[in-house]
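The values are calculated or read from the model by the stated rules, or taken from the named source; none is laboratory data. Computed from a predicted model, the values in this text were never measured in an experiment. Heads up, the Cβs are rebuilt from the backbone with ideal geometry, glycines too, and the neighbour counts pull from every protein chain shown.
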Amino acid sequence: MKPFLLRAASIVAFAAVAALIHGAAIENGFRMPRQAEDRLPGALADRLAERRAPQPAPADEAAATEAPAPDAPAAVVQAVPDDEDADLGLSSADLHELWLMDAVVLIDSRPRSQFVQGHIPGAFSVPFEDFNRRWPEISPFFPADPFFVVYCDGGGCHASENVASLILEQGIEDVVIYRRGFDAWVARGYEVEDGEPLI
Amino acid sequence: MMPKRWESVLLLTARFIAGGAFIIAPIMKLQDPKSFMLAIQSFELLPTAVIPFLAYWIPWMELAAGVLLVYGVVTRPAALVAFGLYAMFTAGLLYVIYAGLPVDCGCFGGIFGGGTVDWSTIGRNGIFLAASALVLWRGPGAASVEALFVQPPNGDPARRVAPDERAARPAEAAS
């Protein structure tokens, strides 16, 4: 082999040895980050079902004399028929319901420029490639025991999967991917706001 | 024949472009290999089993080739490694555009922020590819560590020849 090619091969071999040492020095260094689920865990699904459950019929007398309280769950909680593909996991209707309940922390994993153009109200902007800078910035503003829902555009974008995996790497287990994405949210006419992230 | 001054400047610039990018690019990748694993996976080109090792191997190759290019040591072999890596990255980016995959580039480990792959990404890679190809073809130039320490084979002190180039011309070296 020509010395020229031998030297090039040596550079590649040096990098391979350095990679092996580097990976071995990190705990689980050669393990792929886990993928987050795209379905609601039992506790949150139960909470949603409870909210959607038909309310018990009021006593006859009360029914005759009292109008339903304006904040009665039944008024809000009509199960929305979801004609979207069930294989995509968390439905837009379920997410909308959870958003109304303020039960989840929404993470927008799209590039910041897209977030500024429009996003689900209350979502935090955490683009995948900016995760390590953004996560410490927004973490103090999470509620106690947060449940994260991560979304991107939908239509096969990987940013939500990647950001969800990085959240799992932080030791947080309550993460779900909203695979239908922001496009499906908009298509269903749900609330949208624009502008720079507040945090 | 002595390289002209403009050629030396051109080669120095090419080395700093191709090598400098490879010094900056692996910083975040080596600090956060898990993110780089996910970025590679997004391209949907490689089996998952090899991705964790590649997530360490590629940045170390970049760093080694980058440092050698910038200093001008073992320059042409380093340029070959850099050219191979840039060609591989460009092919991957072209595939992403062809397949219409909405993935983040993963370039520079996100050190300059995120961005989906588009033709400007290809154009930027084309510059790096051309710079490494130029160094691979013409060698390090006069403004390099290699040129300072390697004696010319023909006695002309201005004629700086890379060791691998000298090895490739044993007849000339013997004369």
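Within the stretch A:90-109, can one find any residue that is within 14 Å of chain B (Cβ to nearest Cβ), among the charged types (D, E, K, R) and part of a helix (DSSP H, G or I)?
no
Need the failing condition index for A:GLY122 against (1) more than 9 Å from chain B (Cβ to nearest Cβ); (2) within 14 Å of the chain's Cα centre (by Cα); (3) assigned to a helix (DSSP H, G or I), just the number.
For A:GLY122, the failing item is (3).
Is it true that some residue in the stretch B:61-83 is buried (at least 16 other Cβ atoms within 10 Å of the Cβ), more than 21 Å from the chain's Cα centre (by Cα) and more than 9 Å from chain A (Cβ to nearest Cβ)?
Within the stretch B:61-83, not a single residue is buried (at least 16 other Cβ atoms within 10 Å of the Cβ), more than 21 Å from the chain's Cα centre (by Cα) and more than 9 Å from chain A (Cβ to nearest Cβ).
Within the set of pairs 6 or more residues apart or between chains, which connect a residue that is surrounded by 21 or more Cβ atoms within 10 Å (Cβ to Cβ) and assigned to a loop (DSSP other than H, G, I, E, B) inside the stretch B:132-158 to a residue that is at pLDDT 85 or above and among the acidic types (Asp, Glu) with Cβ atoms less than 9 Å apart?
B:GLY139/B:GLU146; B:PRO140/B:GLU146; B:GLY141/B:GLU7; B:ALA142/B:GLU7
Residues are listed down the side, and each one gets a yes or a no for (1) within 10 Å of another protein chain (Cβ to nearest Cβ); (2) of a type in the set (Phe, Trp, Tyr); (3) touching a residue at least 60 places away in the same chain (Cβ under 8 Å); (4) under 25 Å from B:ALA133 (Cβ atoms):
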| position | (1), (2), (3), (4) |
| --- | --- |
| B:LEU10 | no, no, yes, yes |
| B:PHE16 | no, yes, no, yes |
| B:GLN41 | yes, no, no, no |
| B:THR48 | yes, no, no, no |
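Does any residue of the stretch B:89-104 turn out to be under 19 Å from the mean Cα position of the chain (by Cα) and either in contact (Cβ under 8 Å) with a residue 40 or more places away in the chain or not in a helix (DSSP H, G or I) (or both)?
yes
Just the residues that are over 25 Å from A:GLN35 (Cβ atoms) and among the basic types (Lys, Arg), please, taken from the stretch A:168-199.
A:ARG188
Please enumerate the residues belonging to the stretch B:60-88 that are without any contact (Cβ under 8 Å) to a residue 40 or more places away in the chain and in contact with a Phe, Trp or Tyr (Cβ under 7 Å, 6 or more places away or on another chain).
B:ALA64
Can you find, within the stretch A:125-165, the residue that is farthest from the other protein chains (Cβ to nearest Cβ) among those that are free of Cβ contacts under 8 Å to residues at least 60 places away in the same chain and in a strand (DSSP E or B)?
Checked the stretch A:125-165; the qualifying residue farthest from the other protein chains (Cβ to nearest Cβ) is A:VAL149.
Among the residues of the stretch A:1-47, which ones are among the polar types (S, T, N, Q) and part of a helix (DSSP H, G or I)?
Listed by number, the list holds a single entry, A:SER10.
Take A:GLU169 and tell me if it is crowded, with 19+ Cβ neighbours inside 10 Å, touching a helix residue (DSSP H, G or I) at 6+ places or on another chain (Cβ under 9 Å), within 14 Å of chain B (Cβ to nearest Cβ) and over 22 Å from A:SER91 (Cα atoms).
For A:GLU169, the condition - crowded, with 19+ Cβ neighbours inside 10 Å, touching a helix residue (DSSP H, G or I) at 6+ places or on another chain (Cβ under 9 Å), within 14 Å of chain B (Cβ to nearest Cβ) and over 22 Å from A:SER91 (Cα atoms) - is not met.
Across the stretch A:172-184, what is the number of residues that are surrounded by fewer than 20 Cβ atoms within 10 Å (Cβ to Cβ), charged (D, E, K, R) and in contact (Cβ under 8 Å) with a residue 24 or more places away in the chain?
Here the count works out to 2.
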